[in-house]
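What follows is a set of notes on a single structure, which appears directly below.
The values are calculated or read from the model by the stated rules, or taken from the named source; none is laboratory data. Small disclaimer: the values here were computed from a predicted structure and weren't measured. Here the Cβ positions follow ideal geometry from the backbone for every residue, glycine too, while neighbour counts run over all protein chains shown. Just the protein is used for accessible areas: all its heavy atoms, side chains included, with ligands, DNA and RNA removed. Shrake-Rupley method; radii C 1.70, N 1.55, O 1.52, S 1.80 Å.
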Amino acid sequence: MKLNGLIAYEDDFILIIDKPPGVLVHPTVKESGATLYDMVKEYYREKGLDLGIHPVSRLDRYTSGLVVFAKEGIVQGWLDRGFFEKEYLAVTEGMPPASAGTIDAPIARKEGSIIERCIAADGKPALTEYRVIKSGARPLLALKLRTGRTHQIRVHLASIGCPVAGDGLYGSPGPQGRHLLHCWKLSFQHPVSDDFFTITRLPPENFS
(Lines give C-alpha, C1' and ligand atoms only; values in the text may rest on other atoms or scores of the structure.)
Protein backbone atom coordinates (compact mmCIF):
# COMPACT_ATOMS: atom_id res chain seq x y z
CA MET A 1 0.00 0.00 0.00
CA LYS A 2 1.21 3.49 -0.86
CA LEU A 3 0.32 6.91 0.50
CA ASN A 4 -1.35 7.96 -2.76
CA GLY A 5 -4.84 9.13 -1.87
CA LEU A 6 -4.20 8.94 1.87
CA ILE A 7 -2.49 12.32 2.36
CA ALA A 8 -4.87 14.78 4.02
CA TYR A 9 -2.34 17.64 4.33
CA GLU A 10 1.32 18.27 3.61
CA ASP A 11 3.76 21.17 3.75
CA ASP A 12 7.50 21.52 4.33
CA PHE A 13 7.16 20.65 8.01
CA ILE A 14 4.10 18.40 8.52
CA LEU A 15 2.53 15.35 6.86
CA ILE A 16 -1.01 14.28 7.85
CA ILE A 17 -2.29 10.89 6.68
CA ASP A 18 -5.78 9.38 6.72
CA LYS A 19 -4.87 5.92 8.04
CA PRO A 20 -6.98 2.97 6.90
CA PRO A 21 -8.09 0.43 9.54
CA GLY A 22 -5.85 -2.60 9.94
CA VAL A 23 -2.60 -0.72 9.34
CA LEU A 24 -0.02 -0.36 12.12
CA VAL A 25 1.53 3.07 12.61
CA HIS A 26 4.97 1.70 13.61
CA PRO A 27 6.94 -1.42 12.64
CA THR A 28 7.20 -4.15 15.27
CA VAL A 29 9.50 -7.10 15.79
CA LYS A 30 6.87 -9.35 14.18
CA GLU A 31 5.63 -7.01 11.47
CA SER A 32 7.24 -4.45 9.21
CA GLY A 33 7.12 -3.31 5.60
CA ALA A 34 3.42 -2.43 5.49
CA THR A 35 3.13 0.03 8.37
CA LEU A 36 2.37 3.73 8.08
CA TYR A 37 5.99 4.44 9.02
CA ASP A 38 7.18 2.28 6.12
CA MET A 39 4.79 4.02 3.71
CA VAL A 40 6.09 7.44 4.74
CA LYS A 41 9.67 6.23 4.34
CA GLU A 42 8.94 4.95 0.82
CA TYR A 43 7.07 8.16 -0.06
CA TYR A 44 10.10 10.24 0.94
CA ARG A 45 12.38 7.94 -1.10
CA GLU A 46 10.19 8.28 -4.21
CA LYS A 47 10.12 12.07 -3.84
CA GLY A 48 13.87 12.25 -3.23
CA LEU A 49 13.32 13.79 0.20
CA ASP A 50 15.92 13.39 2.94
CA LEU A 51 13.62 13.88 5.91
CA GLY A 52 13.02 12.39 9.31
CA ILE A 53 9.91 10.45 10.31
CA HIS A 54 8.66 11.85 13.59
CA PRO A 55 5.17 10.72 14.73
CA VAL A 56 3.16 13.36 16.56
CA SER A 57 -0.03 11.32 16.97
CA ARG A 58 -0.86 7.62 16.91
CA LEU A 59 -3.86 5.39 16.37
CA ASP A 60 -4.49 1.76 17.26
CA ARG A 61 -4.16 -0.73 14.43
CA TYR A 62 -7.89 -1.24 13.84
CA THR A 63 -8.80 2.43 14.31
CA SER A 64 -8.86 4.70 11.26
CA GLY A 65 -8.31 8.40 10.72
CA LEU A 66 -5.85 11.23 10.85
CA VAL A 67 -2.26 10.64 11.94
CA VAL A 68 0.38 13.40 12.05
CA PHE A 69 4.07 13.10 11.23
CA ALA A 70 6.57 15.91 11.61
CA LYS A 71 9.38 16.14 9.07
CA GLU A 72 11.89 17.41 11.62
CA GLY A 73 12.44 16.49 15.26
CA ILE A 74 12.19 20.08 16.41
CA VAL A 75 8.80 20.45 14.70
CA GLN A 76 7.59 17.35 16.55
CA GLY A 77 8.60 18.99 19.83
CA TRP A 78 6.84 22.23 18.94
CA LEU A 79 3.62 20.38 18.07
CA ASP A 80 3.78 18.35 21.28
CA ARG A 81 3.99 21.54 23.34
CA GLY A 82 1.49 23.61 21.36
CA PHE A 83 -2.29 23.54 20.90
CA PHE A 84 -3.34 20.22 19.40
CA GLU A 85 -6.87 18.81 19.58
CA LYS A 86 -8.24 15.54 18.21
CA GLU A 87 -11.89 14.67 17.64
CA TYR A 88 -13.25 11.20 16.99
CA LEU A 89 -16.41 9.49 15.80
CA ALA A 90 -17.40 6.14 17.29
CA VAL A 91 -20.19 3.63 16.77
CA THR A 92 -20.89 1.90 20.08
CA GLU A 93 -22.64 -1.17 21.40
CA GLY A 94 -25.19 0.39 23.72
CA MET A 95 -26.16 3.92 24.70
CA PRO A 96 -24.20 6.07 27.16
CA PRO A 97 -26.01 7.01 30.38
CA ALA A 98 -26.51 10.60 29.14
CA SER A 99 -26.68 12.35 25.77
CA ALA A 100 -23.45 14.19 26.58
CA GLY A 101 -20.88 14.01 29.32
CA THR A 102 -17.30 13.76 30.48
CA ILE A 103 -15.61 10.53 31.49
CA ASP A 104 -12.99 11.29 34.14
CA ALA A 105 -11.35 8.00 35.09
CA PRO A 106 -7.64 7.16 35.50
CA ILE A 107 -6.19 4.49 33.23
CA ALA A 108 -3.45 1.96 33.99
CA ARG A 109 -1.94 -1.11 32.39
CA LYS A 110 -3.94 -4.21 33.33
CA GLU A 111 -1.97 -6.52 35.58
CA GLY A 112 -0.53 -9.46 33.66
CA SER A 113 -1.00 -7.88 30.21
CA ILE A 114 1.33 -5.80 28.06
CA ILE A 115 -1.54 -4.67 25.84
CA GLU A 116 -4.75 -4.26 27.82
CA ARG A 117 -5.55 -1.20 29.90
CA CYS A 118 -8.10 -0.71 32.67
CA ILE A 119 -9.65 1.88 34.97
CA ALA A 120 -7.57 2.02 38.15
CA ALA A 121 -7.40 4.44 41.06
CA ASP A 122 -3.60 4.55 40.79
CA GLY A 123 -3.64 5.03 37.01
CA LYS A 124 -2.76 8.13 35.01
CA PRO A 125 -5.43 10.87 34.79
CA ALA A 126 -7.62 10.52 31.70
CA LEU A 127 -10.44 12.74 30.47
CA THR A 128 -12.78 12.11 27.51
CA GLU A 129 -15.72 14.27 26.44
CA TYR A 130 -18.54 12.66 24.46
CA ARG A 131 -21.78 13.67 22.74
CA VAL A 132 -24.42 11.40 21.20
CA ILE A 133 -25.04 12.34 17.56
CA LYS A 134 -27.38 9.47 16.70
CA SER A 135 -29.19 7.18 19.10
CA GLY A 136 -30.46 3.67 18.50
CA ALA A 137 -29.16 0.11 18.73
CA ARG A 138 -25.72 1.26 17.52
CA PRO A 139 -25.35 4.91 18.56
CA LEU A 140 -22.93 7.33 16.91
CA LEU A 141 -20.85 9.43 19.28
CA ALA A 142 -18.54 12.43 18.84
CA LEU A 143 -15.61 12.48 21.24
CA LYS A 144 -12.80 14.83 22.25
CA LEU A 145 -9.67 13.71 24.03
CA ARG A 146 -8.42 15.97 26.79
CA THR A 147 -5.58 13.56 27.61
CA GLY A 148 -3.80 11.00 25.47
CA ARG A 149 -3.63 7.66 27.22
CA THR A 150 -3.23 4.34 25.40
CA HIS A 151 -6.65 2.93 24.39
CA GLN A 152 -8.28 5.87 26.20
CA ILE A 153 -11.53 6.11 24.24
CA ARG A 154 -11.95 2.34 24.08
CA VAL A 155 -11.40 1.89 27.83
CA HIS A 156 -13.55 4.87 28.81
CA LEU A 157 -16.52 3.92 26.63
CA ALA A 158 -16.39 0.33 27.86
CA SER A 159 -16.36 1.61 31.44
CA ILE A 160 -19.75 3.32 30.97
CA GLY A 161 -21.34 0.32 29.27
CA CYS A 162 -21.03 1.26 25.59
CA PRO A 163 -17.82 -0.21 24.12
CA VAL A 164 -16.71 0.63 20.61
CA ALA A 165 -18.33 -1.70 18.06
CA GLY A 166 -15.85 -4.25 16.74
CA ASP A 167 -13.58 -4.00 19.77
CA GLY A 168 -12.98 -7.59 20.88
CA LEU A 169 -10.63 -6.52 23.67
CA TYR A 170 -12.92 -4.20 25.61
CA GLY A 171 -16.31 -5.08 24.12
CA SER A 172 -17.87 -8.38 23.13
CA PRO A 173 -15.20 -11.09 23.55
CA GLY A 174 -13.74 -12.30 20.30
CA PRO A 175 -11.11 -11.47 17.72
CA GLN A 176 -10.25 -7.86 17.09
CA GLY A 177 -12.04 -6.46 14.06
CA ARG A 178 -12.36 -3.10 12.40
CA HIS A 179 -12.96 -0.81 15.37
CA LEU A 180 -15.73 1.63 14.48
CA LEU A 181 -13.60 4.45 15.81
CA HIS A 182 -12.28 7.16 13.51
CA CYS A 183 -10.15 10.26 14.17
CA TRP A 184 -11.97 12.65 11.87
CA LYS A 185 -10.74 16.09 12.91
CA LEU A 186 -7.45 17.69 13.92
CA SER A 187 -7.13 21.27 15.08
CA PHE A 188 -3.72 22.77 15.76
CA GLN A 189 -1.61 25.89 15.59
CA HIS A 190 1.11 25.51 12.99
CA PRO A 191 4.44 25.63 14.83
CA VAL A 192 6.20 27.60 12.07
CA SER A 193 3.59 29.90 10.51
CA ASP A 194 1.42 30.25 13.67
CA ASP A 195 -1.65 29.81 11.44
CA PHE A 196 -4.55 27.84 12.92
CA PHE A 197 -5.41 24.68 10.98
CA THR A 198 -8.41 22.35 11.05
CA ILE A 199 -8.06 19.18 8.98
CA THR A 200 -11.02 16.81 8.56
CA ARG A 201 -11.62 13.43 6.98
CA LEU A 202 -14.97 11.66 7.28
CA PRO A 203 -14.95 7.93 8.07
CA PRO A 204 -15.28 5.26 5.35
CA GLU A 205 -18.73 4.58 3.90
CA ASN A 206 -19.03 1.26 5.78
CA PHE A 207 -18.72 3.03 9.14
CA SER A 208 -21.96 1.95 10.78
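Tell me, what HN-Hα J-couplings in whole Hz come from the Karplus equation 6.51 cos²θ - 1.76 cosθ + 1.60 at θ = phi - 60° for each residue of the stretch 116-121, using x for Gly and Pro?
6, 10, 8, 7, 8, 4
Which value results for Rg/Rh of the stretch 1-115 when Rg is the Cα radius of gyration and Rh the Kirkwood radius based on the inverse mean 1/r?
1.02
Can you give me the relative contact order of the stretch 158-208 as a percent, contacts being Cα pairs under 8 Å and 6 or more apart?
Values: 56 pairs, mean separation 11.6, N = 51.
Relative contact order of the stretch 158-208: 23 percent.
Report, in debye and to the nearest 20, how large the dipole of the chain comes out about its Cα centre when Lys and Arg carry +1 and Asp and Glu carry -1 on their Cβ.
Using only the charged Cβ atoms, the result is roughly 520 debye.
Arranged from highest to lowest average of other beta-carbon atoms within 10 Å per residue, in what order do the peptides 147-153, 63-69, 94-100 appear?
So the order, starting with the most tightly packed, is 63-69, 147-153, 94-100.
Once phi is turned into θ = phi - 60°, what whole-Hz ³J(HN,Hα) does the Karplus curve with 6.51, -1.76 and 1.60 give for every residue of the stretch 66-82, x standing for Gly and Pro?
Computed from phi, the couplings for the stretch 66-82 are 7, 10, 10, 10, 9, 8, 9, x, 5, 5, 4, x, 4, 5, 4, 8, x Hz.
May I ask you to give the percent of accessible area on the stretch 1-93 that is carbon plus sulfur, with a probe radius of 1.4 Å?
50 percent
Using bins 10 angstrom wide from zero, how does P(r) for the stretch 10-77 break down, in % of all Cα pairs?
Values per bin, smallest distances first: 21, 55, 24, 0.
Decide, for the stretch 78-190, between rounded, prolate and oblate: order the square roots of the alpha carbon gyration tensor eigenvalues as a ≥ b ≥ c, take rounded if a/c falls under 1.5, and otherwise choose prolate if a/b is larger than b/c, else oblate.
Verdict is oblate for the stretch 78-190.
Let me test this: with uniform point scatterers at the alpha carbons of the chain, what is the Debye-based log₁₀ I(q)/I(0) at q = 0.07, 0.09 1/Å?
Normalising to I(0) and taking log10 leaves -0.21, -0.36.
Please enumerate, by chain and number, the lysines with C-alpha under 16 Å from the C-alpha of residue 110, excluding those fewer than 8 residues away in the same chain.
124
Once amide H atoms are built 1.01 Å from N in the peptide plane, which residues 5 or more positions from residue 127, or in another chain, come under 5 Å H to H?
So residue 127 has HN proximity to 146, 147.
Please work out, to two decimal places, the log10 of the ratio I(q)/I(0) at q = 0.14, 0.15 Å⁻¹ from a Debye calculation in which every Cα of the stretch 51-133 carries one identical scatterer.
-0.74, -0.84
What are the principal axis extents of the Cα atoms in the stretch 148-208, in Å, biggest first?
Largest to smallest, the principal-axis extents are 47, 27, 18 Å.
Projected onto the charge dipole of the chain (+1 at Lys/Arg Cβ, -1 at Asp/Glu Cβ, origin at the Cα centre), which of 43, 165, 68 gives the Cα projection farthest towards the positive end?
Of the listed residues, the answer is 165.
Charges at C-beta only: +1 for Lys and Arg, -1 for Asp and Glu. How large is the resulting dipole of the stretch 1-108 about its Cα centre, in Debye rounded to 20?
With Lys and Arg at +1 and Asp and Glu at -1, about 260 debye.
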